[in-house]
Amino acid sequence: MKSNEWLHGFRHSSPYINAHRGRTVVLTIGGDAIAHGNLINIIHDIALLSSLGIRLVVAFGARPQIQTRLDSAQEESSFHRGLRVTPEQQLPLVLEAIGGLRAFLESQLSMGLVNSPMHNARIRVSSGNYVTARPVGVLDGIDFGHTGRVRRVDVAGIEKLLELGHIVLLPPLGYSPTGDAFNLSYEDVGGQVAAALQAEKLIMYTENQGLLDDDGQLMRELSARQASDRLAAGMVQGHDGDLLRAACDACVRGVRRAHIISYVDDGALLEELFTRDGSGTLVSSDNYEQVRQARVEDIGGILGLIQPLEEQGVLVRRSREMLETDIGSFVVAERDGTIVGCAAIYHYPDESAAELSCFAVDQAYRRAGRGDEILAMIEKLAKGQGIQRLFALTTQTEHWFRERGFQPSTVRELPGLKLASYNTQRNSKVFVKALA
C-alpha cells in the first residue's frame, strides 16, 4: 500500500514555508562542514530555500583548508584566544585557500544536472567586499597581524542583491579603507551580518546535533540571557562557545532567533525551519522570551488590554477580582514594560483537556506574530501537564484558530464542567487542537 507520510509532512510544513518567504536568513558554514560528505545535501537544501523565496546570506569558514595550505608551504601556524595569528608573509596563502573555497562553493551552487535537485534552479550567487574590517592588533603581547574583526557591514549593497534574488556568499575576509585584507572568524562575519541586516534567523552548523549539556543531551532552547549566563560561567567553550557567543550577540542586537544545527545529519536545515520541534538548538532573543507567566502586577495591563474587547463583545467580561484569582492561569506578552498580549489556560486534567481563554493582542502588534508566540507558550504549558487537546470558544476569530491547526467541534465535546457553564446566549463556536 502506498504511504502518504510525505503528504502529511508536506502539508504541515506549509505554514512554516509561508512564514519564511521573503525573510532574510544568514547561514554560517565552517570549513569542516564544507569538507564533509553531507555538503552536497546542504547545497541542495540551500537551493530549495532560495527557490521558496527565502533571502539567503551564506558566510563560510576555511580553517582546515587554510591549515592545509600553510602546511603544504611548511609554514607554522599559531592560535591565541581562539583566533589564528596571520603574519603578513602568510596572508597570500590564506587568501589563496579562501579564494579556492569560494570558487568551489560557487560551482556547487551553480550545479544544474538533470538528475539533481538543482536542475533548472538557475541560482545566482554574488560575493564582494561587503565587510569592512579592523585589525585585532596586539593582545597579551602577541601581534595578530592580518587577523581582524568585523568593523562595518555594507547593508545597502547586500540588500540590493537579496532583492534581486541572489544568494550572497561572504568569505571570512574583510577589507580596510587603507586597502588591507584581514582574515576573519566566519562566526563573527555571520553574527555581525545577521545583526546588521536585522535578519529573521542566524543558522550555524556544527558537528553535533546542536549544543549538548553535561550529560550529552541536546539543549533544544535557550534564551539570549541563558546563553550569556552559560558563557560567563564557562559552561560552553571551544567552537561551541564561539557559536553560542555569535548566536547570543546576534539576538541581543535584534536577530529574532539563532539556530545551531548539525552539518552531519542530512536534512537538518529543513527540519529546523519547517517542523515544530526543529533539529538542533534554538537561541531566542529576550524580546521573544518576554512571553511569560503573568504576575499580580500585570493585572492593570491585562485589564487595559481586554476591556475594549469586552465592550465589543469579543471577550467575556472579567472583574479585577476574577483576574486576581486566576492570575496564575495567565501568560502575557510584554514589550518595554507594556503588556501587549495575554491568554489564560484552564486545565481539565480528568479529560486530558485544557481551555485557551481570554486571548487578546494589542492591535498594534497583531501583525508581529505576538499571537503565535502566546499560543506557542500555552501549548508548551499544556504539553508539560500531559494535556492531549486544547480547545477554544470564539465568536469572531474562527479563521485565526483554523489557520493554526484548530478543528471545528461541537459543544457536546466540551469537558463536563465546561459544558455545564457554557453560555448559550453567546453561542460561541468550539474549536479543538490535538497536542502531539
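The values are calculated or read from the model by the stated rules, or taken from the named source; none is laboratory data. All values derive from a computational prediction rather than experimental measurement. Cβ coordinates were reconstructed from backbone atoms using ideal geometry, including for glycine residues, and neighbour counts include every protein chain displayed. We work out accessible area using only protein heavy atoms, side chains counted, and drop any ligands, DNA or RNA first. Shrake-Rupley method; radii C 1.70, N 1.55, O 1.52, S 1.80 Å.
For this structure, a couple of remarks:
- Taking the criterion of being of a type in the set (Val, Ile, Thr) and part of a helix (DSSP H, G or I), the only residue of the range 84-96 that qualifies is 94.
- Whichever residue in the range 351-369 is touching a residue at least 60 places away in the same chain (Cβ under 8 Å) and among the charged types (D, E, K, R) and, among such residues, is least open to solvent (accessible area, probe 1.4 Å): 355
- Identification of helices (runs of 4 or more DSSP H) wholly contained in the range 166-280 with 1 or more residues that are in contact with a strand residue (DSSP E or B) (Cβ under 8 Å, 6 or more places away or on another chain) and at pLDDT 90 or above yields 186-197, 238-252, 268-274.
- Taken together, 310, 289, 324 contain a single residue that is open to solvent by 40 Å² or more (accessible area, probe 1.4 Å), at pLDDT 90 or above and either more than 15 Å from residue 28 (Cα to Cα) or not small (Gly, Ala, Ser) (or both), which is 324.
- From 418, 380, residue being within 24 Å of the chain's Cα centre (by Cα) and either not in a loop (DSSP other than H, G, I, E, B) or not hydrophobic (A, V, I, L, M, F, W, C) (or both): 380
- When the range 56-83 is limited to residues that are part of a strand (DSSP E or B) and at pLDDT 95 or above, the one that is nearest to residue 155 (Cα to Cα) turns out to be 57.
- Of all residues in the range 23-37, those that are assigned to a loop (DSSP other than H, G, I, E, B), more than 19 Å from residue 183 (Cα to Cα) and in contact (Cβ under 8 Å) with a residue 60 or more places away in the chain total 2.
- Pair list, Cβ < 9 Å and 6+ apart or interchain, from the range 389-415 residues that are closer than 22 Å to residue 18 by Cβ and among the charged types (D, E, K, R) to residues that are part of a strand (DSSP E or B) and open to solvent by less than 40 Å² (accessible area, probe 1.4 Å): 398/431; 402/431; 404/433
- Residue-level analysis places residue 170 outside the set of residues that are in contact with a Gly (Cβ under 6 Å, 6 or more places away or on another chain), closer than 22 Å to residue 101 by Cβ and hydrophobic (A, V, I, L, M, F, W, C).
- Residue satisfying all of: in the range 281-295; in contact with a helix residue (DSSP H, G or I) (Cβ under 6 Å, 6 or more places away or on another chain) and either without any contact (Cβ under 8 Å) to a residue 24 or more places away in the chain or not in a loop (DSSP other than H, G, I, E, B) (or both); nearest to residue 369 (Cα to Cα) among these: 291
Yes/no per residue for (1) within 31 Å of the chain's Cα centre (by Cα); (2) farther than 19 Å from residue 92 by Cα:
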site	(1), (2)
138	no, yes
148	yes, no
162	yes, yes
175	yes, no
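- Options 32, 45: the member that is charged (D, E, K, R), open to solvent by less than 40 Å² (accessible area, probe 1.4 Å) and either at pLDDT 90 or above or over 16 Å from residue 273 (Cβ atoms) (or both): 45
- Residues of the range 77-89 that are open to solvent by less than 50 Å² (accessible area, probe 1.4 Å) and free of Cβ contacts under 8 Å to residues at least 40 places away in the same chain: 77 alone.
- Close pairs (6 angstrom Cβ cut-off, 6 or more residues apart or separate chains): closer than 16 Å to residue 392 by Cβ in the range 309-326, in a helix (DSSP H, G or I) and not charged (D, E, K, R) anywhere: 315/306; 315/309
- Unmet criterion (only one of (1) open to solvent by 50 Å² or more (accessible area, probe 1.4 Å); (2) aliphatic (A, V, I, L, M); (3) over 17 Å from residue 271 (Cβ atoms)) for residue 19: (3)
- Among residues of the range 348-365, those that are under 26 Å from the mean Cα position of the chain (by Cα) and not in a strand (DSSP E or B), counted: 4
- Test result for residue 40, in a helix (DSSP H, G or I) and open to solvent by 40 Å² or more (accessible area, probe 1.4 Å): yes
- Whenever a residue of the range 210-229 is open to solvent by 90 Å² or more (accessible area, probe 1.4 Å), its partners that are among the acidic types (Asp, Glu), lying with C-beta atoms within less than 7 angstrom and at least six residues away or across chains, give the pairs 225/286.
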